[in-house]
Amino acid sequence: MLTQKKLQAQVVQVGVDHGAIPDHVAIIMDGNGRWASARSRPRTEGHRAGTGNVRRIVQHLARKGVKHVTLFAFSTENWERPAEEVSFLMELVREVIKTEVAELHRQGIRVRHLGTLDRLDPGFRQEIENAVALTALNQGMTLNVAFNYGGRDEIVRAVRRIVESRVPVEDVDEALVRRHLFCPELPDPDLMIRTGGEFRISNFLLFQSAYSEFYSTETNWPDFGPEDVDRALEAYARRQRRFGKVI
Ligand code: FPP
């Protein structure tokens with residue numbers, strides 16, 4: 001396994017000018033259903049196991065020095081899943097908020113929500129707003145939970161607000177669009193990890209992932225452990241980021 005020092009050295013060696021440790025890691029936590037099916041268990045058990053995995057991975061990333069983590073917890077398309085699974089996922093996230101937020105706050109982690117509160121029941125909305133407000137001034141890692149989130153939906157909402165503001169057409173640029181995203185101050189993800197073996201973005205952070213390094217692993221989310229995180233970070237450190245330029 002590569003130590004942090006070796007990672008730094010490797011990066012210098014290949015002349016890559018990005019830090020060995022990404023500032024922002026975004027994760028598509030896929031494969032919960034398959035994890036459960038492989039054990040002849042209902043899909044909901046996979047989601048429970050996946051939820052149990054969130055804490056150890058977030059803590060591991062924080063220990064590694066990652067400053068921002070964004071987790072794709074529920075997409076705008078996930079509403080199309082069977083009603084029973086949707087309500088299970090809602091309850092699970094509510095449970096996580098109840099059981100984890102105080103500890104996250106104690107650790108100085110700032111929790112943010114990406115997405116909208118549309119379609120959520122008022123009590124749940126309030127719980128999300130309270131978690132965000134409680135941790136808003138924390139100076140540690142930011143944990144962004146993409147919940148009821150869609151990348152296209154985010155862009156459409158940004159465009160609507162820009163049009164409403166009657167800004168002159170020549171003032172519309174990338175910076176303006178960015179200022180209308182859910183979390184404008186969040187830096188773009190350096191590394192996007194997808195578990196469960198697929199190679200798709202699935203409507204996650206479409207605007208922000210333009211130059212993210214993509215890493216896909218066969219491992220299903222509930223089995224994705226700290227050593228898998230390290231493998232992803234090692235792969236990231238070997239990438240040469242060019243951002244469309246010739247280096
Ligand atoms: C994808 O697996 C996973 C989801 C749609 C839900 C992920 C949500 C959690 C793990 C809860 C996390 C909670 C917080 C607060 C961050 P899948 O069902 O698509 O799996 P499959 O592709 O094997 O069917």
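The values are calculated or read from the model by the stated rules, or taken from the named source; none is laboratory data. Since this is a predicted model, take the numbers as computed values, not measurements. Note that each Cβ is placed from the backbone with ideal geometry, even for glycine, and that neighbours are counted across all protein chains shown.
I need every pair where a residue in the range 70-88 that is under 13 Å from residue 116 (Cβ atoms) has its Cβ under 7 Å from the Cβ of a residue that is more than 8 Å from the ligand (Cβ to nearest atom) and in a helix (DSSP H, G or I), sequence separation at least 6 or different chains.
76/153; 79/86
Scan (1) among the β-branched types (Val, Ile, Thr); (2) surrounded by fewer than 18 Cβ atoms within 10 Å (Cβ to Cβ); (3) within 9 Å of the ligand (Cβ to nearest atom) for the single condition residue 54 breaks and write down its number.
Of the numbered conditions (1) among the β-branched types (Val, Ile, Thr); (2) surrounded by fewer than 18 Cβ atoms within 10 Å (Cβ to Cβ); (3) within 9 Å of the ligand (Cβ to nearest atom), the odd one out for residue 54 is (2).
Just to be sure I understand, how many residues within the range 184-200 are surrounded by 17 or more Cβ atoms within 10 Å (Cβ to Cβ) and either at pLDDT below 95 or of a type outside the set (Gly, Ala, Ser) (or both)?
Residues in the range 184-200 being surrounded by 17 or more Cβ atoms within 10 Å (Cβ to Cβ) and either at pLDDT below 95 or of a type outside the set (Gly, Ala, Ser) (or both): 9 in total.
Quick check: anything in the range 97-108 of a type in the set (Val, Ile, Thr) and in contact with an Asp or Glu (Cβ under 7 Å, 6 or more places away or on another chain)?
Within the range 97-108, one or more residues are of a type in the set (Val, Ile, Thr) and in contact with an Asp or Glu (Cβ under 7 Å, 6 or more places away or on another chain).
Please state which of the following conditions residue 244 fails to meet, knowing it meets all the rest: (1) surrounded by fewer than 15 Cβ atoms within 10 Å (Cβ to Cβ); (2) within 16 Å of the ligand (Cβ to nearest atom); (3) of a type in the set (Gly, Ala, Ser).
With (1) surrounded by fewer than 15 Cβ atoms within 10 Å (Cβ to Cβ); (2) within 16 Å of the ligand (Cβ to nearest atom); (3) of a type in the set (Gly, Ala, Ser) applied to residue 244, the lone miss is (2).
Would you check which residues across the range 172-221 are more than 16 Å from the ligand (Cβ to nearest atom), under 24 Å from residue 20 (Cα atoms) and among the acidic types (Asp, Glu) and list them?
Correct list: 185, 188, 190, 213.
Of all residues in the range 57-84, count the ones that are under 20 Å from residue 150 (Cβ atoms) and away from the ligand (no atom under 15 Å from the Cβ).
Final tally of qualifying residues: 0.
Taking residue 25 as meeting all but one of (1) within 16 Å of residue 227 (Cα to Cα); (2) modelled with pLDDT under 95, write down the number of the exception.
(2)
Return the pair list, or none, for Cβ contacts closer than 9 Å from residues in the range 32-50 that are touching a residue at least 24 places away in the same chain (Cβ under 8 Å) and more than 9 Å from the ligand (Cβ to nearest atom) to residues that are hydrophobic (A, V, I, L, M, F, W, C) and part of a helix (DSSP H, G or I), at least 6 apart or on different chains.
44/36; 44/88; 44/89; 44/92
Among residues belonging to the range 222-241 that are closer than 18 Å to residue 23 by Cα and among the small types (Gly, Ala, Ser), point out the one that is surrounded by the most Cβ atoms within 10 Å (Cβ to Cβ).
Checked the range 222-241; the qualifying residue surrounded by the most Cβ atoms within 10 Å (Cβ to Cβ) is 237.
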